[in-house]
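In what follows, a single structure is set out as structure tokens and then discussed.
The values are calculated or read from the model by the stated rules, or taken from the named source; none is laboratory data. Computed from a prediction, not measured in an experiment: that's the story for all the values here. Note that each Cβ is placed from the backbone with ideal geometry, even for glycine, and that neighbours are counted across all protein chains shown.
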Amino acid sequence: MAEILVLANETIGGENLLDAVRDRHAQGDARFHVVVPQTRPRHGNVIYDEAVRDSAQVRVDLALAFMREEAIEGSGEVGDGDPLNAALDAVAEHGISEIIVSTLPASTSGWMKRDLIEALENDTGLPITHVVVDLAAEGLPFDVTLVVANQTVAGHELVDRLKALAEEGPRRFIIVVPQDSGDGRAVRAARDRLQTLLASLEEAEIVAAGMIGDPDPYTATMNAVQYFHISEIVISTLPEGSSKWVADKLVERVHNATGKPVEHVESSTAPVEA
């Protein structure tokens, strides 16, 4: 069986790439391995390694969710920050026999400016399919809702709102839970909160993936907007009067900075009933 490497980053959900995977799957005798190189964020004075890795893992998770929906056999991993090294590592470890590389158009693609396709051909000698995804012109074949929440991740108000959005049409959810600080206990607490919300959405058969973010919710949100092609943003806070995020005007600041639709959901910390 052919082992096919799919190397992509921000174009991971593009229609042209999804079609290329579908077409190769239809030819038979193929298994796919997705590799997403890590990307350093533009925002924040401190770089949190967990958040950087998580952002790439979200793309891997969403790509694998697509493959499961299409009954395509696949696996995936987060790769080295250098896309050539990420690809070469996968080729060496997984016995890759073909490569599909997805990039933005040449005029805007950092990978193309670095002659990634030619380097892969020279270093691997493998057949390479280059897929161009123009996100600016084509967008994605589904909406992507960014959800930013912390203490309210288990509140029924937030979960009910996300369920309602899921019923409006094809949509993927990306959850960001800011850390309370940069130490290990805060990382574990944020990850536990994240898993609580992801479990609720999985139970409702909603496709979602998530990451922990910078302790500053504004920085965490802006980094996620950098990482992903976002359609809209949902920010969940405690009720006004008890929420620092509301006091700091997080919703207004994010809307002004991104120009995206931003919805504010006031939620409790009470757990969702089973």
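Can residue 81 be described as part of a loop (DSSP other than H, G, I, E, B) and in the same structural domain as residue 26 (by TED's automatic domain parsing)? Taking the combined requirement at face value, the residue satisfies it. In the set 155, 210, only one residue is modelled with pLDDT under 90, closer than 19 Å to residue 265 by Cβ and small (Gly, Ala, Ser); that residue is 155. What do you reckon, is residue 52 among the hydrophobic types (A, V, I, L, M, F, W, C), within 21 Å of residue 257 (Cβ to Cβ), surrounded by 15 or more Cβ atoms within 10 Å (Cβ to Cβ) and modelled with pLDDT under 80? The answer is yes for residue 52.
Give me the strands (runs of 3 or more DSSP E) completely within region 204-274, filtered to those with at least 3 residues that are in contact with a Ser or Thr (Cβ under 6 Å, 6 or more places away or on another chain) and surrounded by fewer than 19 Cβ atoms within 10 Å (Cβ to Cβ), ordered by residue number.
The strands (runs of 3 or more DSSP E) meeting that bar number zero.
Taken residue by residue, region 230-241 has at least one member that is of a type in the set (A, V, I, L, M) and within 24 Å of residue 38 (Cβ to Cβ). I'd like the residue in region 123-143 that is aliphatic (A, V, I, L, M) and out of contact with any helix residue (DSSP H, G or I) (no Cβ under 9 Å at 6 or more places or on another chain) and, out of all such residues, is nearest to residue 207 (Cα to Cα). So the residue we want is 135.
Close contacts from region 208-235, counting a first residue that is under 15 Å from residue 255 (Cβ atoms) and a second that is modelled with pLDDT under 95 and acidic (Asp, Glu), with Cβ to Cβ under 6 Å and a gap of 6+ residues or different chains, come to 231/143.
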